[in-house]
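Trainee: Pasting a structure here, questions to come.
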Amino acid sequence: MTMGKKTRQTATDSTQQNVQQDDGTSQERRQFCRYCQQYTSALSISQGPEASEVSVCSQTDNISNGGCYLVVPQADSFVVHRQVELELRIPRQTLNTYMLETVCAPADILRVEPKEENQLGLALQFNDPLDLQLD
C-alpha cells in the first residue's frame, strides 16, 4: 500500500565548509553529501507571469540536502536565478510499511545546460537546506 505525506523540511547544520587551498586548486565546494539517486519530482515556476502555467515532471539525477540536478523538457521559462517550486517523492519504509513522502522545497535555478532531444539540465539550490535523511 502506498501512502503520501507532504512536509517541508530544513536542516540546521552543514557537513563541510568551502575550502580554497594555497596552491590555487580548490577542494570540493559542496556543503552537503551528494547522492546519485533518482526520485520522482515535479517542478513549477513559482514567480512571475508563468507561475501557474509552467509545470513539468522529472526525476533527479543527483540530490543533496542543499540542492539537486534534474533533466526537464526544454522550456524558455527555465533560466538562471528563476525561483521554482520543487516537489519530491522520497520512498520511506519500515519492516511492514512503504510510503512516498512528498517534500516541497522552493529553489533557485543556478545553472541551465542544454541536453539531447530538446531537454535541459537544471542545477537547483534549495532556498533553505533540507533534512532528507537519505543515508
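Just so you know, all these numbers are worked out from the coordinates, no wet-lab data involved. As the structure is a prediction and not an experimental result, all values here were calculated from the model. For neighbour counting, all protein chains shown are included, and Cβ atoms are generated from backbone atoms with ideal geometry for every residue, glycine included.
Trainee: What do you get for GluC sites (Glu not before Pro) in the range 44-135 restricted to DSSP loop and a cutoff of at most 11 other Cβ within 10 Å of the site's Cβ?
Mentor: Loop-located and lightly packed - Glu53, Glu116, Glu117.
Trainee: Here's a follow-up. With charges set only on the Cβ (+1 for Lys and Arg, -1 for Asp and Glu), what does the dipole of the range 57-122 come to about its Cα centre, in debye to the nearest 20? It would help to have the intermediate numbers written out before the result.
Mentor: Details: 5 positive and 9 negative charges, 40 e Å.
Value, rounded to 20: 180 debye.
Trainee: Right, next: Please compute the length gained on full extension between Leu134 and Gln83, using 0.36 nm multiplied by the number of residues separating them and subtracting their Cα-Cα distance. Provide the component values of the computation, followed by the final result.
Mentor: On the way: separation 51, 0.36 × 51 = 18.36 nm, distance 2.46 nm.
This chain segment gains 15.9 nm when fully extended.
Trainee: Obtain the nm distance between the two label points defined at Thr40 and Arg92 by a simple spin-label model: each point lies 7 Å from its Cα along the Cα-to-C-beta direction.
Mentor: The answer from the label model is 1.7 nm.
Trainee: While we're looking at this one, here's another question. Hey, can you rank 102-114, 121-133 by average C-beta count inside 10 Å, highest first?
Mentor: Result, highest mean Cβ count within 10 Å first: 121-133, 102-114.
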